[in-house]
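Notes for the one structure printed next.
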Amino acid sequence: MKISSREIAIIGLMLALALALDVMPVEMPTVWGMKIDLVAVPIVVAYFILGFWGGLTALAMLFLGLSVVSSASWLGAMMKTLATFGVLVGLEVAVRTVGVDYSSKKKLALFGVVAYVIGILVRAPLMVALNYYVALPIWLSLPREQVISAVENWTGVPFWFAITLPNAIQTFIDVFISLLVTVPVLRRIPHLLE
């Protein structure tokens with residue numbers, strides 16, 4: 001797959017913005033290490049402009065970049081990347097099922113809702129499994145058998161809900177803030193999609 005200079009420029013710009021957003025204190029941390037932030041928004045914007053493969057390329061670059069600059073190291077980078085992958089899958093399913101029309105608010109709203117729902121349906125189970133089997137045992141230095149009770153004691157809610165709720169909020173941000181940022185730009189500069 002050949003990448004054009006236009007694609008490289010857009011991915012580079014969006015990656016730089018995503019990494020800058022990671023080091024800025026614009027976030028809401030959770031008890032176990034996840035933070036709700038704007039880091040994935042530029043990657044989703046890259047998806048809107050370049051399509052699925054461009055979004056995946058930007059996402060792979062995000063993993064490498066976050067592994068270097070993020071305080072959460074490779075573990076946080078892996079979790080952010082895989083969670084955002086779920087969002088990209090939701091967006092792609094929405095594109096293929098209902099389509100995306102940047103000129104129609106009604107169709108754009110339908111697209112956003114479908115992308116959000118599918119994104120959560122992919123992201124939530126993936127994040128519950130990865131938090132249980134990989135991330136939280138490492139992050140909290142606990143045996144896997146103690147992870148669920150530790151998170152439930154801290155949050156007062158079931159483990160699956162404690163993981164799913166912030167991921168649902170983050171998916172909402174990733175989908176709808178990205179649309180709010182991208183749509184006005186694409187309406188004014190439609191040739192970005194060419």
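The values are calculated or read from the model by the stated rules, or taken from the named source; none is laboratory data. Keep in mind the model is a prediction, meaning the values are calculated, not measured. Using ideal geometry, Cβ is built from the backbone for each residue, glycine included, and neighbour counts are taken over all protein chains shown.
In segment 12-42, what residues are more than 30 Å from Thr155 (Cα to Cα) and under 15 Å from the mean Cα position of the chain (by Cα)?
Met14, Leu15, Leu17, Pro42 - these are the residues of segment 12-42 that are more than 30 Å from Thr155 (Cα to Cα) and under 15 Å from the mean Cα position of the chain (by Cα).
Among the numbered criteria (1) at pLDDT below 95; (2) farther than 17 Å from Val181 by Cβ, which single criterion is violated by Ile49?
Of the numbered conditions (1) at pLDDT below 95; (2) farther than 17 Å from Val181 by Cβ, the odd one out for Ile49 is (2).
What are the residue pairs meeting all of these: first residue in segment 67-82, first residue surrounded by fewer than 17 Cβ atoms within 10 Å (Cβ to Cβ), second residue among the hydroxyl-bearing types (Ser, Thr, Tyr) and at pLDDT below 90, Cβ atoms under 7 Å, and 6 or more apart or on different chains?
Listed pairs, sorted by first residue: Ser67/Ser73.
How about segment 101-121: which of its residues are surrounded by fewer than 20 Cβ atoms within 10 Å (Cβ to Cβ) and without any contact (Cβ under 8 Å) to a residue 60 or more places away in the chain?
Going residue by residue through segment 101-121, those that are surrounded by fewer than 20 Cβ atoms within 10 Å (Cβ to Cβ) are 101-110, 113, 117, 121.
The answer is Asp101, Ser104, Lys105, Lys106, Lys107, Ala109, Leu110, Val113, Val117, Leu121.
Hey, any hits in segment 168-183 for a residue that's within 26 Å of Ser103 (Cα to Cα), out of contact with any Ser or Thr (no Cβ under 6 Å at 6 or more places or on another chain) and without any contact (Cβ under 8 Å) to a residue 40 or more places away in the chain?
Scanning segment 168-183, I find at least one residue that is within 26 Å of Ser103 (Cα to Cα), out of contact with any Ser or Thr (no Cβ under 6 Å at 6 or more places or on another chain) and without any contact (Cβ under 8 Å) to a residue 40 or more places away in the chain, so the answer is yes.
Please enumerate the residues belonging to segment 178-192 that are more than 16 Å from Ala109 (Cβ to Cβ), in a helix (DSSP H, G or I) and either over 21 Å from the mean Cα position of the chain (by Cα) or not aliphatic (A, V, I, L, M) (or both).
Scanning segment 178-192 gives Arg188, Pro190, His191, Leu192.
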